[in-house]
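In what follows, a single structure is set out as structure tokens and then discussed.
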Amino acid sequence: VFQSHEEDDRKVRRREKNRVAAQRSRKKQTQKADKLHEEYESLEQENTSLKREIGKLTDEMKQLSEVLKDHEKICPLLHCTMNFVTVPRPDALAGCLPR
């Protein structure tokens, strides 16, 4: 009878210890899931922000490309017949610049 009571106590203690360990494990899993969800939300916001920035930069690139294309049509340096293979002097460019 004494041995049975002692075994029962051990079983109860083991069961309680197991229950506490299981609670701790579930709490840890929940915290990990919460942290992952927060990280996901943060990355989604960053992704949205970066996509907006890409859109703005793409628009700016298109605009600047148009400005460059328009400028190339009238740029005297691009239409100058001087040979720039020789070492250019500061006054050499003056012949190609509008007056």
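The values are calculated or read from the model by the stated rules, or taken from the named source; none is laboratory data. Bear in mind that the values here come from a model prediction, so they are computed numbers and not experimental data. Keep in mind that these areas ignore ligands, DNA and RNA; they rest on the heavy atoms of the full protein, side chains included. Shrake-Rupley method; radii C 1.70, N 1.55, O 1.52, S 1.80 Å.
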Item checked: Which listed residue, of Arg52, Arg10, is at pLDDT 95 or above, in a helix (DSSP H, G or I) and basic (Lys, Arg) -> Arg52
Notebook entry, point to check: How many residues are more than 19 Å from the chain's Cα centre (by Cα) and open to solvent by less than 100 Å² (accessible area, probe 1.4 Å) when one looks only at the range 17-62?
Noted result: 10
